[in-house]
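Beneath this line is the structure, given in structure tokens, with notes to follow.
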Amino acid sequence: MPSLNDIRSTFLDYFRRNGHQVVDSSPLVPRNDPTLMFTNSGMVQFKNLFTGVERRDYVRATTAQKCVRAGGKHNDLDNVGYTARHHTFFEMLGNFSFGDYFKSDAIPFAWELLTKDFAIPKDKLLVTVYHTDDEAAGIWKKVAGLPDERIIRIPTDDNFWRMGPTGPCGPCTEIFFDHGDHIWGGPPGSKDEDGDRFIEIWNLVFMQNEQMPDGSLRVLDMQSIDTGMGLERIGALLQGKHDNYDTDLMRSLIEASANATSTDPDGPGKVHHRVIADHLRSTSFLIADGVMPSNEGRGYVLRRIMRRAMPMPTSWARRTR
Ligand code: SER
């Protein structure tokens, strides 16, 4: 069974072999973007490359990016512990093209990695495309041989990715894994899509627009690629689990929490151990990246996360609320 560390290496090595520069994760506090509270996706450190404001000596990159989604547009804080797949801190695996390759290479790259290197059975995979994106649908049909009913057209913002109120954006295609009909849930776009049967594993964004402060959409000079796959989620799939918190990395934290409190990791305190495992990661990485608990902004979000995870005397809790 591959560990999460093995899976991260397989992803980065695959894209390195395919001409991508392996770039370090950027800090959780975006260096280049005062509009964003935390780095919430792999593309954040590359934002200015998509818009053409900045150039680097590579046009293809791959990263395992540390992300926090606990404030702003992408905020998962209240779901953590209760669901199988929400985290405040997670790692996003991604490959990027800055005006180099576009849809006709991004889709085959993703398909090959999933079905060959990760050996996921082809008949378990299905995709969504933005409803007007005939080109992406055609590439999926050609490259993956997917029948029309497994290329689902979505007319909503679910298939038009935006980092926030402004910034680079574009239509996207999402790859889903079907866990089988013994699990409740419907395909994307159906009324039962929130069930657990069909799980999104990878989002490929075709960066071609910029959302401007006045609400208009500018067409970017370059066509670029931004993809994101949650390590914890693909890890669960490749480890044969249905819950991210059952993967090797999360499980070791849950067991540490249970040992420290002499309780059963799967007993009545199960949700608490999961919250602690998640929040331990976000608080540690946020503090390591220079955020300190405070009464406003990033520091306040950190304080909220800490307060949810830490037992504290009632009197003190009342004072800090
Ligand atoms: N930016 C996209 C996302 O966060 C793909 O990386 O899903």
Using just the C-alpha positions of segment 92-222 as equal point scatterers, what log10 of I(q)/I(0) does the Debye formula give at each q in 0.09, 0.11, 0.15, 0.23 1/Å? -0.27, -0.40, -0.74, -1.49
Between segment 27-70 and segment 112-170, the alpha-carbon center distance in angstrom: 23 Å
Rg(Cα) of the chain divided by 2.2 N^0.38 Å? 1.01
Inverse of <1/r> over all distinct C-alpha pairs of segment 240-317, i.e. the Kirkwood Rh in Å, gives 13.5 Å
Taking all protein chains in place and a 1.4 Å probe, what share, in percent, of the accessible surface of segment 61-117 do carbon and sulfur account for? 39 percent
Hey, rough spin-label estimate for residue 217 and residue 57, points 7 angstrom out along Cα→Cβ, what's it come to in nanometres? 3.7 nm
Run the numbers on the chain and let me know its relative contact order in percent, using alpha-carbon pairs under 8 Å that are six or more apart. 18 percent
Theoretical ellipticity at 222 nm over the chain - DSSP helices of four or more residues, -39500 (n - 2.57) apiece, nearest 500: -9500 deg cm²/dmol
Förster radius 22 Å - calculated FRET efficiency between residue 48 and residue 289 (Cβ-Cβ, nearest 0.05): 0.65
Residue-normalised value, i.e. accessible area per residue, for the chain at 1.4 Å probe, in Å², stands at 46 Å²
In the chain, what % of DSSP beta bridges are antiparallel (nearest 5)? 85 percent
Portion, in percent, of the accessible area of segment 197-263 that falls on carbon or sulfur, probe 1.4 Å: 47 percent
In nm, to one decimal, how far is the modelled label at residue 142 from the one at residue 191, with both set 7 Å along Cα→Cβ? 3.8 nm
For every other residue with a beta carbon closer than 10 angstrom to the beta carbon of residue 96, add +1 if it is Lys or Arg and -1 if Asp or Glu, then tell me the sum. -1
Multiply the residue gap between residue 149 and residue 3 by 0.36 nm, knock off their C-alpha separation, and tell me the result in nm, one decimal place. 49.2 nm
√(5λ) per eigenvalue of the Cα gyration tensor, segment 206-280, largest first, Å: 41, 16, 9
Nearest 0.05, what FRET efficiency do residue 162 and residue 264 give at R0 = 56 Å with Cβ-Cβ as r? 0.85
FRET efficiency for residue 135 and residue 16, Cβ-Cβ distance as r, R0 = 45 Å, nearest 0.05? 0.95
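The values are calculated or read from the model by the stated rules, or taken from the named source; none is laboratory data. This is a predicted model, so every value here is computed, not measured. We place every Cβ from the backbone using ideal geometry, glycine too, and count neighbours over all the protein chains shown. For accessibility, only protein heavy atoms count, side chains too; no ligands or nucleic acids. Shrake-Rupley method; radii C 1.70, N 1.55, O 1.52, S 1.80 Å.
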